[in-house]
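Please treat every number below as a calculation from the coordinates, not as lab data. Keep in mind that what you see is a predicted model, and the values were worked out from it rather than measured. Methodologically, a virtual Cβ is constructed for each residue, glycine included, from the backbone with ideal geometry; neighbour enumeration extends over all protein chains shown.
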Amino acid sequence: MTEQLLSIHELTKSIGSIMPVKGISFELKRGGCTALLGPNGAGKTTTLRMLAGLIPPTRGEIRYGSGDGHTDSWRHRIGYLPQYPKFYSWMSGMEYLSFSAKLSGLSGKEALRRSREVIEMVGLQQAAKRRISGYSGGMKQRLGIAQALVHEPELIMLDEPVSALDPIGRREVMDLLDRLRGEVTVLFSTHVLHDAEEICDDMILMVDGEIAEKGALSELRTKYRQPVLSIDVEPGEREVAWLDSLANRPYVQEIELGKRGAKLMVTDMGVARAALIQELADAEIQLLRFEAGTSTLEDMFMKVVGS
């Protein structure tokens with residue numbers, strides 16, 4: 001059985017009349033990678049800042065480890081990267097890491113040793129002596145992750161670590177996070193489901209300060225998997241009228257209509273496919289695409305966020 005690293009219960013944050021986090025509860029497994037997923041304004045950043053001990057919760061409980069570990073006693077075991085990290089641009093990457101390590105309580109010798117380790121871990125050894133002002137966005141983000149790792153934490157929390165990066169920088173950071181899995185427990189926030197699916201074991205979906213869904217990605221895929229038919233037709237009046245009528249079919253649970261097509265959530269794929277193929281032939285509908293599949297986690301995300 002996987003050991004539990006972090007448990008939070010009814011965590012709440014109020015700022016005046018605004019409540020960005022509304023009594024959320026979840027657990028993190030040691031060595032796992034969990035995505036805190038949700039649209040902008042869902043409460044992800046506020047949650048991470050409370051877990052890192054940067055702001056106090058209004059109420060609720062945060063426990064680290066299997067005993068009575070609270071945030072204050074665990075602060076040295078936590079690495080945190082904000083969404084917009086700030087650097088001393090006149091420092092080199094190595095100088096910045098060594099400085100961060102000393103601030104975390106490491107001795108000068110240990111800080112240098114550890115800085116060399118993590119700068120190689122994040123792939124910046126060739127740029128270690130360069131000034132940070134000359135780093136690209138992806139390099140700066142990797143340096144930020146190195147800063148979060150330099151004091152050998154058990155948990156690192158990253159707030160939207162790839163949101164501001166170009167495709168190359170994003171790929172560099174996602175590959176790094178994938179390599180960290182198992183070595184350290186990772187919790188990172190994102191509003192991009194693809195990022196969560198790529199490297200995470202578990203997902204927590206927040207909407208308006210509350211947890212709308214959570215669990216292992218494999219379990220959520222099974223839970224929300226549903227037969228889906230995608231149909232594209234020529235843009236004629238007869239075709240458009242036929243698409244509009246599909247919502248009335250008894251086997252159609254949900255329908256998403258587009259300009260030239262429809263996406264149907266159906267109760268029985270066999271029945272729906274046979275019936276619709278027959279209709280298409282009888283009505284002489286000019287078909288462009290007819291595709292059978294299953295719903296994805298993105299469908300679930302859009303449905304939950306949009307509800």
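Magnitude of the charge dipole for the chain, about its Cα centre and with charges confined to Cβ atoms of Lys, Arg (+1) and Asp, Glu (-1), is about 1580 debye. Taking Cα centre as origin and charging only the Cβ of basic (Lys, Arg, +1) and acidic (Asp, Glu, -1) residues, the dipole magnitude of the stretch 152-265 rounds to 640 debye. In the chain, helical runs assigned H by DSSP with n ≥ 4 each contribute -39500 (n - 2.57); averaged across all residues and rounded to the nearest 500, the mean residue ellipticity at 222 nm is -11000 deg cm²/dmol.
Rg then Dmax, both in Å and based on the Cα atoms of the stretch 225-306: 12.5, 39.
Modelled this way, with points 7 Å down the Cα-to-C-beta line, the labels at S107 and R260 are 7.1 nm from one another. Among the GluC sites (Glu not before Pro) within the stretch 110-186, those in coil by DSSP and having at most 11 neighbouring Cβ atoms inside 10 Å are E183. Taking a straight line from the alpha carbon of K263, these aspartates and glutamates sit under 18 Å away, with near neighbours fewer than eight places off in the same chain left out: D232, E234, E239, D244, E254, E279, E291, E298, D299. Axis angle, to the nearest 10 degrees, between helix 167-180 and the longest C-alpha principal axis of the chain: 70 degrees. In the stretch 204-256, inverting the average of 1/r over every pair of distinct C-alpha atoms gives 14.4 Å as the Kirkwood radius.
The GluC sites (Glu not before Pro) of the stretch 249-284 meeting both criteria, a DSSP state outside H, G, I, E and B (loop) and at most 16 other C-beta atoms within 10 angstrom of the site's C-beta, are E284. Of all lysines in the structure, the ones whose alpha carbon falls short of 30 Å from that of K109, not counting any fewer than 8 places away in one chain, are K86, K129, K140. Here the label points at R75 and A292, each 7 Å from Cα along the C-beta direction, are separated by 6.0 nm in the simple model.
Protection proxy ranking for 23-29, 285-291, 222-228, 260-266, using the average of other Cβ atoms within 10 Å per residue and placing the highest first: 260-266, 23-29, 222-228, 285-291. Here each label is just a point 7 Å from Cα along the line to Cβ, and for I55 and D208 those points are 2.0 nm apart. Partner lysines whose Cα lies under 22 Å from the Cα of K13, excluding those fewer than 8 positions away in the same chain, are identified as K22, K44, K214. Of the two radii for the chain, the radius of gyration is 1.10 times the Kirkwood radius, both from the alpha carbons; that is the Rg over Rh value. Beta-bridge orientation, the chain: approximately 65 percent antiparallel, per DSSP, counting only bridges with both partners inside.
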